[in-house]
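Please read the structure below before turning to the comments.
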Number of protein chains: 2
Amino acid sequence: MALSDNLIVDRYPTRTAEPVAHIERSDATVWGTIESDSLASFDADGFAMIDALLDPTEVADLTDEVVGLTKDPDLWLDDRLIIEKSANRVRSIFEVHRLSARVGDLVRESRIVGLARQVLGSEVYIHQSRVNFMPGFQGTGFYWHSDFETWHAEDGMPAPRAVSLSIALTDNYPYNGSLMVMPGSHRTFVPCQGVTPTEHYRESLRQQQFGVPTEADITELANKHGIAQFTGRAGSALLFDSNLMHGSANNITPFPRSNIFLVFNSVENTLVEPFAADAPRPTYIGSRDFTPVR
Amino acid sequence: MALSDNLIVDRYPTRTAEPVAHIERSDATVWGTIESDSLASFDADGFAMIDALLDPTEVADLTDEVVGLTKDPDLWLDDRLIIEKSANRVRSIFEVHRLSARVGDLVRESRIVGLARQVLGSEVYIHQSRVNFMPGFQGTGFYWHSDFETWHAEDGMPAPRAVSLSIALTDNYPYNGSLMVMPGSHRTFVPCQGVTPTEHYRESLRQQQFGVPTEADITELANKHGIAQFTGRAGSALLFDSNLMHGSANNITPFPRSNIFLVFNSVENTLVEPFAADAPRPTYIGSRDFTPVR
């Protein structure tokens with residue numbers, strides 16, 4: 001353990017043996033200056049929807065690019081490619097900004113990385129990137145969770161000074177497994193009970209079992225905040241705080257749902273040792289290269 | 001087999017060994033005269049949403065009534081009570097209009113049965129009634145299907161001259177497993193491949209495996225008709241044609257979804273022998289008491 005780690009007080013304890021009360025967040029949500037009109041409600045809601053961030057041609061080009069990755073035989077042997085549990089299909093590909101120069105170039109554009117800089121008030125780096133493919137008919141969702149809870153416990157992210165940008169590559173309807181969020185829930189940290197098993201990430205990327213809030217927690221937050229859905233045409237995007245409570249239902253419609261998912265962390269919030277796991281997750285899931293996006 | 005059955009030509013063959021092409025419906029959708037404004041689009045869409053069919057007091061009283069049934073120890077030994085597969089909870093109770101005098105009285109009111117009479121153009125009787133409880137968090141949906149396909153194959157209903165009325169006892173949001181329908185799909189009968197197993201109903205009420213359209217069928221219908229959702233406050237209702245393609249996703253929200261489901265069949269469309277099963281299903285699922293509702 002590095003000397004600096006000894007000096008860090010864990011303000012967000014989780015994965016505890018006994019239940020711990022909710023923690024009202026002591027950190028800011030917006031650390032910089034909001035300039036984009038589309039981000040006006042970010043501080044209050046913990047998220048913002050950005051219509052037509054990409055135009056249809058860009059969506060088509062990116063789709064070709066990431067579908068191409070799923071057909072790369074080398075990647076089928078790569079840990080960065082995650083297979084859907086119920087069918088032999090690609091669910092996610094990690095580090096997509098490194099595997100694809102086109103995605104890497106997109107990330108560096110100010111209309112993309114600039115959104116994260118406005119909220120986080122500093123230079124930012126990519127903590128995680130991936131493309132998600134939720135197929136039609138058989139698409140399974142993700143249960144309710146806060147990303148920061150996992151990144152803090154398993155990756156060693158000190159504070160919720162990170163944002164995720166989900167860019168839709170397909171139309172998001174209310175009924176094809178689109179993301180559900182609880183507006184304002186980012187102000188409350190919900191500690192999760194249960195010690196993290198070794199190499200938990202291998203299972204959790206397909207189906208979450210630890211780091212899951214209780215039904216009582218979810219009920220309390222949903223009654224207080226309600227639920228909103230991210231719907232919109234392909235090319236629209238959702239920027240959301242790392243501690244926002246979110247989840248998704250399954251998708252029995254024929255309409256698949258795919259997106260590019262980029263996590264930006266502040267360079268003033270770089271990772272330390274995990275706060276509640278034996279060892280950090282692999283770097284393709286939680287990067288330890290803190291080079292700013294430029 | 002009764003003499004009359006020999007004379008019936010099966011215009012809707014299904015559960016066939018080989019695939020059969022879609023059949024454009026030769027029967028009418030509206031057999032009577034539409035008087036209610038809320039049913040104006042029923043003929044074209046195959047469904048109509050009726051806002052505030054019941055007031056909040058009626059909803060509360062009915063909810064008390066049906067929750068009371070789930071606590072009746074005698075019913076736990078009754079085939080009419082169906083248990084949720086993934087949890088030891090009540091999913092449905094059949095023949096609720098007989099088990100509860102309050103529900104029986106409601107059905108006879110002209111604002112309820114009158115909707116069915118307008119569409120079906122005759123006296124009507126109850127083919128099936130049930131209350132459905134989709135719990136929060138663990139609620140599992142129903143895959144895409146046409147009710148008429150099942151009622152024809154397994155119950156011996158000759159023609160799609162029946163309607164279902166789903167009355168919401170809880171608020172229906174787009175995200176808590178609310179019913180999805182394909183507007184206009186009622187005009188197309190989609191035969192299903194695969195011979196019906198004996199006593200299929202025991203399993204199919206919990207999880208459908210036969211009488212299921214192919215993914216190609218569902219894709220074709222969804223691309224042609226699109227998808228609409230039944231959302232609205234508790235007390236609102238959906239009246240829909242027996243051949244409308246519909247389904248529902250799972251429900252990971254804390255908000256349960258319960259409804260009373262009433263199927264009215266025309267007395268001019270009473271059941272014969274099943275068209276594609278060894279024996280009819282039990283009468284609590286497909287009634288053979290054709291006494292008109294009065």
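Given the options A:Thr150, A:Thr270, A:Thr283, state which has the largest fluctuation in a GNM of chain A using a 10 Å cut-off (strictly under) for Cα springs. Per the Cα network of chain A with a 10 Å cutoff, A:Thr283 tops the list. What number comes out for the charge environment of A:Ser236, summing +1 per Lys or Arg and -1 per Asp or Glu over other residues with Cβ under 14 Å away? Around A:Ser236, the surrounding residues sum to -1.
The aspartates and glutamates whose alpha-carbon is closer than 19 Å to the alpha-carbon of A:Lys224, local same-chain residues fewer than 8 away aside, are A:Glu24, A:Asp43, A:Asp45, A:Glu215, A:Asp241, B:Asp171. When chain A is described by a simple charge dipole with +1 on each Lys and Arg Cβ and -1 on each Asp and Glu Cβ, the residue from A:Ile8, A:Thr70, A:Gly211 located farthest towards its positive end is A:Thr70.
Taking the Cα centre as origin and putting +1 on Lys and Arg beta-carbons and -1 on Asp and Glu beta-carbons, what dipole magnitude results for chain A, to the nearest 20 debye? Let's see the in-between values first.
Values: 24 positive and 39 negative charges, 76 e Å.
Its charge dipole is roughly 360 debye.
Among the trypsin sites (Lys or Arg not before Pro) within the stretch A:5-102, those in coil by DSSP and having at most 10 neighbouring Cβ atoms inside 10 Å are A:Lys71.
Among B:Asn176, B:Asn132, B:Asn223, the largest mean-square fluctuation in a Gaussian network model of chain B, built with springs joining Cα atoms closer than 10 Å, belongs to B:Asn223.
For the protein assembly as shown, what is the convex hull (Cα atoms) projected area averaged across all directions, in square nanometres? It would help to have the intermediate numbers written out before the result.
Values: hull surface 115.8 nm².
Approximately 28.9 nm², given one-decimal rounding.
Distance from the Cα centroid of the stretch B:123-159 to that of the stretch A:28-73 is 41 Å (rounded to whole angstrom).
Considering only A:Leu165, A:Gly184, A:Gly235, the residue lying farthest towards the positive end of the dipole of the stretch A:143-255 is A:Gly235, judged by Cα position with unit charges set on Cβ.
Couplings 3J(HN,Hα) of the stretch B:277-294, computed from phi: 7, 5, 8, x, 6, x, 5, 6, 9, x, 5, 10, 9, 9, 4, x, 6, 9 Hz, in residue order, whole Hz [Karplus 6.51 cos²θ - 1.76 cosθ + 1.60, θ = phi - 60°; x for Gly and Pro]. Reducing the stretch A:266-294 and the stretch B:163-180 to their Cα centroids gives an inter-centroid distance of 44 Å. Taking the Cα centre of the protein assembly as shown as origin and assigning +1 to Lys and Arg Cβ atoms and -1 to Asp and Glu Cβ atoms, the resulting dipole is close to 200 debye. Ascending distances from the B:Glu199 label point to its copies in the other chains, with the point 7 Å along the Cα-to-beta-carbon line: 4.4 nm.
Our coupling estimate for the stretch A:251-260, obtained by passing each phi through the Karplus curve with A = 6.51, B = -1.76, C = 1.60 and θ = phi - 60°, is 10, 9, 6, x, 8, x, 9, 10, 8, 9 Hz, Gly and Pro reported as x.
Please get the size of the charge dipole for the stretch A:78-129, origin at its Cα centre, with Cβ charges of +1 on Lys and Arg and -1 on Asp and Glu, quoted in debye to the nearest 20.
Values: 9 positive and 7 negative charges, 32 e Å.
The calculated dipole for the stretch A:78-129 is roughly 160 debye.
Using the rule -39500 (n - 2.57) for each DSSP H run of four or more residues, divided by the residues of chain A, the 222 nm mean residue ellipticity is -5500 deg cm²/dmol. Summarised in one figure, the compactness ratio Rg/Rh of chain B, Cα atoms and Kirkwood Rh, is 0.93. The same position A:Ile83 in the other copies lies at 3.5 nm from this copy, comparing label points 7 Å beyond Cα toward the beta-carbon, shortest first.
Give the accessible surface of the protein assembly as shown per residue, rounded to a whole number of Å², with probe radius 1.4 Å and ligands, DNA and RNA excluded. Walk me through the numbers before you get to the answer.
Values: 23360 Å² over 588 residues.
On a per-residue basis, the protein assembly as shown sits at 40 Å².
Comparing B:Glu84, B:Glu35, B:Glu123, which has the greatest mean-square fluctuation in the GNM of chain B with Cα pairs linked when under 10 Å apart? Evaluated over chain B, the most mobile residue of the options is B:Glu35. Here A:Arg11 yields copy-to-copy label distances, from shortest upward, of 7.2 nm, the label point defined as 7 Å from Cα along Cα to C-beta.
Measuring from each Cβ of chain A to the axis that turns chain A onto chain B, the shortest distance belongs to A:Pro174, 2 (residue, then whole Å).
The values are calculated or read from the model by the stated rules, or taken from the named source; none is laboratory data. Keep in mind it's a predicted model, so treat the numbers as computed, not measured. Because the Cβ atoms are built from the backbone with ideal geometry, glycine has one as well, and the counts that use them run over all protein chains shown. These area figures cover heavy atoms from the full protein model, side chains too; ligands, DNA and RNA do not enter into them. Shrake-Rupley method; radii C 1.70, N 1.55, O 1.52, S 1.80 Å.
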